[in-house]
Amino acid sequence: MPYSGAMLAYRHAFHAGNHGDVLKHVVLMLVLQHLNGKEKGWRYTDTHAGAGGYALTGAYARQKREHDNGIARVLDRDDMPEPVAQYVNLVRSLHGNVVADGAPLSSLRQYPGSPLIAQALMRPQDQLRLFELHPTDHRILSSTFKGDRQVEVYMADGFAGLKGQLPPPTRRGLTLIDPAYEGERDYASVLATLRDALTRFADGVYMVWYPQVGKLGSRELPRRLQALAQGASKGWLHARLTVAPSAGGFGMAGSGVFLINPPHTLHASLQPVLPWLAQALGRIEQPVWVLDHRAV
């Protein structure tokens, strides 16, 4: 699929550490921790990997400071559920001294993207396969993982590139699909990519992150994913947070993650997490959280 100029203009650095990243990365961590419960290796494939990590003090992140209403709202809380505490510790550990000298602990200077979180949880028998088409982000991503023989970075369309990664040799794997959603086309591409992926590797774990915005594709995506997942061998899970004001349908009011073949432990792990995150991240009078699943 050809990429438009709008897609190539997208940079996740504008949004790093926002409320959507918090939800996405807590779930990603829990899934990989579950996969680590068995000795056999796994392959993590990220179809839209971005730059891997982001400077919160950089020009992009400072424009809207979305991390102020994301990671900064949970970083120093003393009432975190255990999964959130593990996520916060992971964020801290990935960059060592990420706190500005003399500043409060909430003043993180960097935020890890999904590839760095996956690498932190990767064992010697595991693999990372990362796709990123934006030339600048690809260069940063390649530099970040240079020399790590367990990681392969591709400057390619992740929707198309996923086909060559499935099934992984060990037949254990997690695929994260998290495109820019700059246009309606991405929503259709997510569904088409998943249909094909399930024919190649029916037992794989597939995780889709999506923004809660005013576009028709965003509103319809959870229902369409649920229909697609009806025949999945291990069911599906949908988690969503609505935490931010949306003026006239513009702006991201929240986000969701939809998993096909989720770990059987994930629903129970998220039950205390979703209401807590809704409260911690909420900037509206009545934040909403949704946690729905079908187990097999």
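At-a-glance table
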read-out	value
Options Pro287, Pro272; residue that is more than 27 Å from Gln165 (Cα to Cα), loosely packed, with under 15 Cβ neighbours inside 10 Å and over 19 Å from the mean Cα position of the chain (by Cα)	Pro272
Index of the failed condition, Ala229 passing every other in (1) modelled with pLDDT of 95 or more; (2) surrounded by 18 or more Cβ atoms within 10 Å (Cβ to Cβ); (3) in contact with a helix residue (DSSP H, G or I) (Cβ under 7 Å, 6 or more places away or on another chain); (4) not β-branched (Val, Ile, Thr)	(3)
Residues being out of contact with any Ser or Thr (no Cβ under 6 Å at 6 or more places or on another chain) and either part of a strand (DSSP E or B) or not aliphatic (A, V, I, L, M) (or both) - total across region 262-296	22
Selection count where residues are at pLDDT 95 or above, under 21 Å from the mean Cα position of the chain (by Cα) and either more than 28 Å from Met155 (Cβ to Cβ) or surrounded by fewer than 13 Cβ atoms within 10 Å (Cβ to Cβ) (or both), scope region 92-134	1
Among residues of region 256-282, those that are under 12 Å from Pro83 (Cα atoms) and free of Cβ contacts under 8 Å to residues at least 60 places away in the same chain, counted	3
Residues satisfying the stated conditions in region 33-48, i.e. small (Gly, Ala, Ser) and surrounded by fewer than 17 Cβ atoms within 10 Å (Cβ to Cβ)	Gly37
Residue within region 217-226 that is among the basic types (Lys, Arg), surrounded by fewer than 22 Cβ atoms within 10 Å (Cβ to Cβ) and in contact (Cβ under 8 Å) with a residue 40 or more places away in the chain present	no
Selection status of Thr199, of a type in the set (Ser, Thr, Tyr), out of contact with any Asp or Glu (no Cβ under 8 Å at 6 or more places or on another chain) and assigned to a helix (DSSP H, G or I)	yes
Filtered residues of region 129-156 (kept if among the polar types (S, T, N, Q), within 17 Å of Ala118 (Cβ to Cβ) and either in contact with a Lys or Arg (Cβ under 9 Å, 6 or more places away or on another chain) or not in a helix (DSSP H, G or I) (or both))	Gln150
Per-region count, region 157-180, residues surrounded by 23 or more Cβ atoms within 10 Å (Cβ to Cβ) and assigned to a loop (DSSP other than H, G, I, E, B)	1
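The values are calculated or read from the model by the stated rules, or taken from the named source; none is laboratory data. It should be emphasised that the depicted structure is a prediction, and the values quoted were computed from it without experimental measurement. When we count neighbours, we look across all protein chains shown, and the Cβ atoms used for this are built from the backbone with ideal geometry, even at glycine.
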